[in-house]
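I have placed the structure first, in the form of structure tokens, so that the comments after it can refer back to it.
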Amino acid sequence: MIHSLFIINSTGDVVLEKHWKSVVNKSVCDYFFEAQSKLSNPDDVAPVIATPHHYLINIYRSSLYFVAVVTTEVPPLFVIEFLHRICDTFEDYFKDCSESILKEHFVIVYELLDEMLDNGFPLAVESNVLKELIKPPNLLRSITDTVTGKSTSVSDTLPTGQLSNIPWRRTGVKYTNNEAYFDITEEIDAIIDKSGTAVIAEIQGYIDCLIKLSGMPDLTLSFTNPRLLDDVSFHPCVRFKRWEAEKILSFVPPDGHFRMMSYHIGASNTVAIPVYLRHNISFRGGSSGRFEVTIGPKQTMGKSIEDVVLEVPFPKCVLNVTLTCNQGKNSFDPVSKLMTWDVGKIDPAKLPNIKGNITLQTGVPIPESNPVITVMFTIQQMAVSGLKVNRLDMYGEKYKPFKGVKYITRAGKFQVRT
């Protein structure tokens, strides 16, 4: 399936290459560089690039391109999902997936890629299994390997879960404190028009878990309103037939961190927009303009809106903006023409406001359209869709675990047209 993998940095250097079936010449990346050179934004590179003899399937994460080379017809989403799994594994092992981190842990990176793919097909992709095969790096092991010249990170024994029908969970797990935590995170993707009406509003949500339970527990998680969820994807541990029949999540969880479920709530449902903007942006004849924006809470169920940041990309004809705000701090980059206003937490009693003047180049036509404002925010202990966990039950073990659920709402791609 996957012949080779090239990891390329933002300057076009191949940081790492790995071949499974046969060695593919590095020159195949020229097709990728050609497609990349035509675009200004690194995220805009087409995920699938066809060449005369290969397909290049790529993702962009942590300022690195992960480019997989395939020679036959394969489902592109399958390869893209696997590339994301590689990045997630690196982040799980090294806490980051940057170029410097990968160079620092070259040996473990190659060992992981060897285990994750066998002859080009995915083999061991579960974090629990991999950590039994290849131990995560630590200072003592690094010193031992340096002194002895041998790698002690690879285990001599096969993971206990590898041969079972539950490969994601190792046997003999024991904890003094048995705990299960669930983080329900929802991101709002929305476009708001000038009048404040939502042109489109969708929610991308996911449930991340931290499970520290002894033995082999069998969990069931139910929601008060599961019919909200349009499009769902699950971790392999979830029994899909039970979900289809009863809308209940039944699973034997992996040990530690994992993403149990991703879901999408489309435009068919009414999405509550938690913030509103009052804006007045105008460009007058001559060389000046006026800018004023006020942001406030709306439909937040009494929860406070935190970590609010507004970004406004001004047209190229803008020389400078002189703005004053009653909360937070603002900055303007004269090169990229990007104004950033770091608001912080919104106080409903005194709404954050920013206003001032825009300086334009003389003799240049007035911009035809106003800039689009990008808004970022976080709301703790609230799921904007209204999704709520009803109960969590455990079978197969006799102890009573501690259970915790946390809700977070964030802005995804949230834009306001002015």
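The values are calculated or read from the model by the stated rules, or taken from the named source; none is laboratory data. Treat the numbers as computed from the prediction; the structure is a model and nothing was measured. Every residue, glycine as well, gets a Cβ built from its backbone with ideal geometry; the counts of neighbours run over all protein chains shown. Note: accessible area is taken over every heavy atom of the protein model, side chains too, but ligands, DNA and RNA are not part of it. Shrake-Rupley method; radii C 1.70, N 1.55, O 1.52, S 1.80 Å.
Tabulated data for the structure shown
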| read-out | value |
| --- | --- |
| Residue among Ile207, Ile191 that alone is open to solvent by 40 Å² or more (accessible area, probe 1.4 Å) and either modelled with pLDDT of 95 or more or not in a helix (DSSP H, G or I) (or both) | Ile191 |
| Residue among Ile379, Ile366, Ile354 that alone is of a type in the set (Val, Ile, Thr) and under 23 Å from Asp189 (Cα atoms) | Ile379 |
| Scan of the stretch 364-418 for residues that are polar (S, T, N, Q) and in a strand (DSSP E or B), ordered by number | Thr374, Thr378, Gln380, Asn390, Thr409, Gln415 |
| Residue under evaluation Ser214, criteria (1) buried (at least 20 other Cβ atoms within 10 Å of the Cβ); (2) in contact with a Lys or Arg (Cβ under 9 Å, 6 or more places away or on another chain), criterion not met | (1) |
| Any hit, the stretch 222-229, residues being open to solvent by 40 Å² or more (accessible area, probe 1.4 Å) and touching a helix residue (DSSP H, G or I) at 6+ places or on another chain (Cβ under 8 Å) | no |
| One residue from Phe402, Phe377 being of a type in the set (Phe, Trp, Tyr) and either in contact with a helix residue (DSSP H, G or I) (Cβ under 8 Å, 6 or more places away or on another chain) or open to solvent by less than 40 Å² (accessible area, probe 1.4 Å) (or both) | Phe377 |
| Matching residues, the stretch 382-399, being open to solvent by 30 Å² or more (accessible area, probe 1.4 Å) and not aliphatic (A, V, I, L, M) | Lys388, Asn390, Arg391, Asp393, Tyr395, Gly396, Glu397, Lys398, Tyr399 |
| Residue among Ser304, Ser331 that is among the small types (Gly, Ala, Ser) and either open to solvent by less than 40 Å² (accessible area, probe 1.4 Å) or touching a Pro at 6+ places or on another chain (Cβ under 9 Å) (or both) | Ser304 |
| Residues (open to solvent by less than 40 Å² (accessible area, probe 1.4 Å) and either touching a His at 6+ places or on another chain (Cβ under 7 Å) or more than 13 Å from Cys317 (Cα to Cα) (or both)) located in the stretch 283-294 | Phe291, Val293, Thr294 |
| Inter-residue pairs, beta-carbon under 6 Å, first more than 12 Å from Gly296 (Cβ to Cβ) and in the stretch 264-276, second part of a loop (DSSP other than H, G, I, E, B), 6+ apart | His264/Asp230; Ile265/Asp230; Ile265/Ser385; Gly266/Asp230; Ala272/Gln299; Ala272/Val384 |
| Options Phe251, Phe258: the member that is surrounded by 19 or more Cβ atoms within 10 Å (Cβ to Cβ), farther than 17 Å from Glu187 by Cα and under 21 Å from the mean Cα position of the chain (by Cα) | Phe258 |
| Unique residue being free of Cβ contacts under 8 Å to residues at least 40 places away in the same chain, open to solvent by 40 Å² or more (accessible area, probe 1.4 Å) and charged (D, E, K, R) when the list is Lys337, Lys316 | Lys316 |
| Count of residues meeting criterion [outside any strand (DSSP E or B) and open to solvent by 60 Å² or more (accessible area, probe 1.4 Å)] in the stretch 230-243 | 6 |
| Residue match in the stretch 41-49 (condition: on the phi < 0 side of the Ramachandran plot and open to solvent by less than 30 Å² (accessible area, probe 1.4 Å)) | yes |
| Some residue of the stretch 342-362 being among the small types (Gly, Ala, Ser) and open to solvent by 80 Å² or more (accessible area, probe 1.4 Å) | yes |
| Qualifying positions in the stretch 5-39 - surrounded by 14 or more Cβ atoms within 10 Å (Cβ to Cβ) and of a type in the set (Phe, Trp, Tyr) | Phe6, Trp20, Tyr31, Phe32 |
| Check on Thr324, at pLDDT below 90 and on the phi < 0 side of the Ramachandran plot | no |
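Listed here are the residues, each with its yes/no results for (1) within 30 Å of Ile207 (Cα to Cα); (2) of a type in the set (D, E, K, R); (3) touching a Gly at 6+ places or on another chain (Cβ under 7 Å).
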position	(1), (2), (3)
Thr362	no, no, no
Ile366	no, no, yes
Ser369	no, no, no
Lys388	yes, yes, no
Lys400	yes, yes, no
Val405	yes, no, no
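Conditions tested, residue by residue: (1) surrounded by 16 or more Cβ atoms within 10 Å (Cβ to Cβ); (2) out of contact with any Lys or Arg (no Cβ under 7 Å at 6 or more places or on another chain); (3) closer than 23 Å to Ile166 by Cβ.
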site: Pro75; (1), (2), (3): no, yes, no
site: Val79; (1), (2), (3): yes, yes, no
site: Leu83; (1), (2), (3): yes, yes, no
site: Phe94; (1), (2), (3): yes, yes, no
site: Glu104; (1), (2), (3): no, yes, no
site: Leu123; (1), (2), (3): no, yes, yes
site: Glu132; (1), (2), (3): yes, no, yes
